[in-house]
Structure formats: structure tokens, C-alpha cells
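The next block holds one structure in the form of C-alpha cells; read it before the comments.
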């Protein structure tokens, strides 16, 4: 696999990149902090990456730079075949309610920018016979909850987009994987009360990697969340209004 | 003001949670941050770095309710590795388990390892851990070439044996009280395989154990003794002596050893389970889990056999065993600390100088044996010369480690009694395992404490780095 990964310096992206590097995949780490990318790339190399590990600049807040970043990835890997986007924005509901600018930023990064990037990559991959686009959405996008619907809405949009992308590009050889993590213990969720079924980044990364290999359109991690969300999606509105979880 | 308000907690992305050492006593609520990049909060707030929480006592417990704990285990990237010399530079949160997973297949082993691999490199430095090879190789700090610290005022300082030497020596064994260790450069040791050649031998009493350790130490890099704490009188100190070395390529079976099966303890053991008979039964059952242990135990557990034939040197398994069975037998049981019940336990570890010899060790063992329910098994080791680091634990002599189920004042009184013996012998206790020692006793044990305080005060005049332990033993403000 020749993968371009956005978000590989942290959390689930870091765990996933380690797995891929150790089994011999070639990687380009995309991100905005050059120093951080450099440390992570070196970490992968020393840990025994058997393919190429390179870095290139990409800022999700600047869609104008996406084409250049994808070009750089293509140059480093002689045409990448997989794009993985684990990066995203997160903020507690209250701070998003209070601060419209903050909310706008989160919606832009999680939905607009990610969709633009994935669309561009899918087009590029389709043009050369196919590949895989994998992006991290969230179970929060499956059903709106009063306690985090703003973040949830950004992910609901992304989930819908990825489902559409999967349908639209299937015939052109592009497989789309929508990862829907439940609670995973990463820096992003630090400080939040840990609910039941919380996952560890490494275990989650293993499941995600299998889904990428198989081109599974929708994957829940930890897998139990598929059934948890099935139950939650079936709750009537009246019940959703009363249970404040 | 150390405590964080709940709104502050939330906006800082922190939650208040109970924090304890591996012994599960004492417990204090702290605000735990688990960043991927190690950085002190810019506001100058008191803070305590914490690794994987395998120190037993209150070394990594918040100094006051709600105090800030900086857990380092997520900062676990490798920064550089010199393939020729085995010099590894990594972020402080990298664990020995991860080092073993990544570097052992390439022929590199940690130079020093404690009895669990679930410890961070930063923690190994802060506790200056030692292993079964202390008599030959010294402690962890001997293999550290360079440390990067973020000190109390927020600045980043590099130190090493030749650079900011005093800060370096105060940080090794300094229990995380001199600054936040962010990066460590250490030398790994080359090994030819992941297998160990191990010999075990039953010894009938303390004298034979001490002599055996001394003799074995001349030829073997790793030595350790297990003492049966239920034996009294003439049999005091009887147990099993183990000698080990890394197997050469020729001796090792083809391929890496099988991964250890991990059991977990699903709930806190009820206290009746700690009755000596049942506990002993558990110990035996545990040994049976491991093939080579089974072998050793089966041959030697019959103590009378050992007594009848003291002259015959019964050799243990000669065929190589996996490294994890030799170094980390307890890692095979996840959360084994729960076996001591809800009230937790203390691990008491002390070292007495060689000059004090067998009488001092015998006195310690007798006290523990008299206390009856205290400990079932003690680990005994020879230590080599002490290090230059001010607060480093080991000194040339004998170290003894015992588990003491925590039963309140009774257990604490026992520790104070043991401490009196240790002080009289010119020894000291290990801060990584301590939760009880009084400040006046500790001051008597560590002659270089004043020197250490001077260095610490220079780098951290307000004692920004503080723990429950530093409040208890060093008199820091909570």
C-alpha cells in the first residue's frame, strides 16, 4: 500500500501509521506542523518502516493547498493509492455554542475541508484506475444528541458525503471507507468521562486497517458500536428528547 | 493554589479521577492530563509527571486533592536510533514493553530492567530502577547519556554526565521532582537472542542464600533469590536461587519465544483470600502456569528434599527459557495488584550495606516472619557499588523486597520497625516503593539528601514539581 495520511502525528492516526509502516507500507505524512511530522516520520523509520516514509505540508484549514499536497504525496510515493484522513476538529458542545467562530472552524474542518480533500483524491485515484479513500467520521454523526449535536452534525455531513462518494466512484475502482469510531481513548477525548465500550487506539487501528484492506464501506470501532448505534438510531424522538445522554 | 476548579478542568480538557500507585494505597483524586506532546502548563501551576503508574507507593500520587498529574505514556515516539552502538533517543513515555517489541528482534535489550516491562523510560530514569544485574552493571542511570528536561520556569534544559551534571545527577532517581523529563538518550545492550539460559537451585537457609548470590554474581549477569517467608528458625531464608544470562545464538531455539498468555484478575480479591494457606496455594498455582516454572517448582518445592540433600547441587532447566518468563513473571497476570484486595498493599524494599551482612538481613526477615500475615515471598538480590546520583537507591550490599498487604496502622508500624533496623545497618528504602517512611527516618537513610535539595532548590525554588511522597518525605507544601 502507498498511503497518504492526514493526522498521522497524533492519536488514532499515529497508531494506524505505525501498523502500516511496520508491515511495509509506504507512507507520506501530511500535516501542518513540519517539526511534528519530522519526529513522527523518524519514529516510523526507526520502528522498522520497510517502505518510504516522507512528509509534506497540508493544512485542513486551507483547501487551496490540497492539490499541491496531493502532488507532493504523488511525487514521494510515485502515485499514492490510498488516502487516509484521521485528522479532525473537536470541541465540547458548550464552547461551540458560545463561540460562533469556533463552531464555524469546526464545521469547516470536519465537513467542508475533509469532503473537498476526499473528493479531489477520489477523482485523482479514479483517473489512474482506482484506490482507496478512508476518512474518520464518528458515531456522533449517526444520530443527533442534545449534548453534542454540533460536532455530530459535522460528522453526519461527512458520513453522508462518504456514503455518496462510495456509491459514485465504485464503478471507477475507488473504494471508500467511512470509519465511525465510538469513544476512543486518545488525546482528543482526554478529559471526557469515559463511557462503556471505550476503545484503545491500537486495537481500533487494527480494525481500521483491515477495513481499508478490504474496502469495507462503513466500519464501526470498537465493533460493538455498530450495535449500540443501531439501538440508538431506533429510539423515537420523544425518547431522545427525554434521555439526556 | 493547586486545586483546579471544575470549570477550569473542563476547559482544559481534564477530568478528576482517583490516582494511586501500583500498591493501590494511598489514593488521591487528581486532574490527569495525557498529552501526546510533553509540555508544562504555561501558568506555573504545580504538576507531577507520571508514567505508567507502576511505582508502588505515593511517588506518583497527587500532592493534594485535584492537583495536576501529567501522564507521559502517550508521548512515546522514537526520536533516533544508532544501529551500530544501540543508542536510543526517545520521548519519555516510551515503555520498556515497546522497546522490547521493536528492538529485541534486532538484537537489542534494555540495559537494566525492573520486574515489569510496563514502565516508561522517563519513569526508569526518575526512579533510577535496578534489575537482577545490578551487582554487575549498576542501575538504569548508568546507561543514560542525555536527558531533556522542561524545568519549573518553563525553559528546556539538556543535561548529561558532562553537561549540567548536577541537574543530571539530581534527576536520576529524583522521582520526577527536578523537572519534566521529555526526552531520554540511553544505551541498549546487544543480545544474541530473546532466550535466557537459567539455572535454579534450592538453598536451605539465609547464609547459603547470601553466599550463593555472591558466588553466582561472579559469573552470571543476572542473579536473584526467592525467599519463602513462611519458614522460621534454622530454615529462615531458605528459598530458590536463580542465575540467568542471555542465550547465545547457538543455544537459542529457532525463532522468537512465544508471546506470554495474559490472564487478568477480574475483581478485587476479598481479604479472606489473603490467608497464608490460600495465598500459598495461589502462588503454587501460578507457578504451574509456566512450563519452566513448573519444572523448577516441581523439582525444588519439596523443601525437605532440599534439606536432606544439601550437598547435591540440583540444576534447574538447562534448556533456554523465554526472556519474559525470567524477567517478567508477574506481567503474565494483568492487574495482579488486585490480588491484595481493595485496601491494597505496600511493597517494602530496602538495601543494607555488605558490612552489615547476614545479621541485618536475618533481623529484617525475622521481623517479617514474626508479623505472620505480612509476606509470603521475598525477593533478595545483591547490589553493586552505588551510583553518583544523589537519591539513587541501590548501594553495595543486599536488597530485600517484600509485599505487605495494607492493614492500616499495623502495617505502618511494621514498616517503621523495619526502617529502624535498616537505619541501624546503614541502609535505605526505595522511594519507588515507599508510602510510609517518616521524613526524619528518610533523612537518616540518605546522606546526600541535603546536596540533592540544594540542586533541586536551584532549578525549582518553589517546588512546582511535587507529589504526595514529596509532601510526606521532603516536607513540600501540599
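The values are calculated or read from the model by the stated rules, or taken from the named source; none is laboratory data. As the structure is a prediction and not an experimental result, all values here were calculated from the model. All Cβ positions, glycine included, derive from the backbone under ideal geometry; neighbour counts span all protein chains shown.
Of all the listed residues (B:404, B:377), the sole one being closer than 24 Å to residue B:238 by Cα and in contact (Cβ under 8 Å) with a residue 60 or more places away in the chain is B:377. Annotation note: of B:216, B:231, the sole residue that is more than 17 Å from residue B:320 (Cβ to Cβ) and surrounded by fewer than 20 Cβ atoms within 10 Å (Cβ to Cβ) is B:231. If you check A:11, A:51 for being within 27 Å of residue A:161 (Cα to Cα) and either surrounded by fewer than 18 Cβ atoms within 10 Å (Cβ to Cβ) or at pLDDT below 95 (or both), only one passes: A:11.
Kindly provide the set of residues from region A:74-102 that are in contact with a helix residue (DSSP H, G or I) (Cβ under 9 Å, 6 or more places away or on another chain), away from chain B (no Cβ under 14 Å) and buried (at least 20 other Cβ atoms within 10 Å of the Cβ), ordered by number. Matches in region A:74-102: A:80, A:82, A:83, A:84, A:85, A:88. Conditions: (1) more than 14 Å from chain A (Cβ to nearest Cβ); (2) within 27 Å of residue B:116 (Cα to Cα); (3) at pLDDT below 95. Residue B:51 meets all but one. Number of the miss? Going through (1) more than 14 Å from chain A (Cβ to nearest Cβ); (2) within 27 Å of residue B:116 (Cα to Cα); (3) at pLDDT below 95 one by one, residue B:51 breaks only (3).
Residue B:340 falls short on exactly one of the conditions (1) touching a strand residue (DSSP E or B) at 6+ places or on another chain (Cβ under 7 Å); (2) modelled with pLDDT of 85 or more; (3) crowded, with 22+ Cβ neighbours inside 10 Å, and that condition is (2). Restricting attention to region A:4-25, the residues that are more than 11 Å from chain B (Cβ to nearest Cβ) and at positive phi add up to 2. Would you check if there is a residue in region A:39-49 being more than 14 Å from every other protein chain (Cβ to nearest Cβ) and touching a residue at least 24 places away in the same chain (Cβ under 8 Å)? Checked against the condition, which is being more than 14 Å from every other protein chain (Cβ to nearest Cβ) and touching a residue at least 24 places away in the same chain (Cβ under 8 Å), region A:39-49 yields no hits at all. Between B:119, B:129, the distinction of being surrounded by 22 or more Cβ atoms within 10 Å (Cβ to Cβ), out of contact with any strand residue (DSSP E or B) (no Cβ under 7 Å at 6 or more places or on another chain) and touching a residue at least 60 places away in the same chain (Cβ under 8 Å) belongs to B:129 only.
Return a yes/no flag: does region B:91-100 have any residue that is facing chain A (nearest Cβ under 9 Å), at pLDDT 95 or above and in a strand (DSSP E or B). There is at least one residue in region B:91-100 that is facing chain A (nearest Cβ under 9 Å), at pLDDT 95 or above and in a strand (DSSP E or B). Within region B:105-114, being surrounded by fewer than 20 Cβ atoms within 10 Å (Cβ to Cβ) and within 12 Å of chain A (Cβ to nearest Cβ) holds for B:105, B:106. One residue stands out in region B:30-44 among those that are touching a residue at least 60 places away in the same chain (Cβ under 8 Å) and in contact with a strand residue (DSSP E or B) (Cβ under 9 Å, 6 or more places away or on another chain): the one that is surrounded by the fewest Cβ atoms within 10 Å (Cβ to Cβ), namely B:39.
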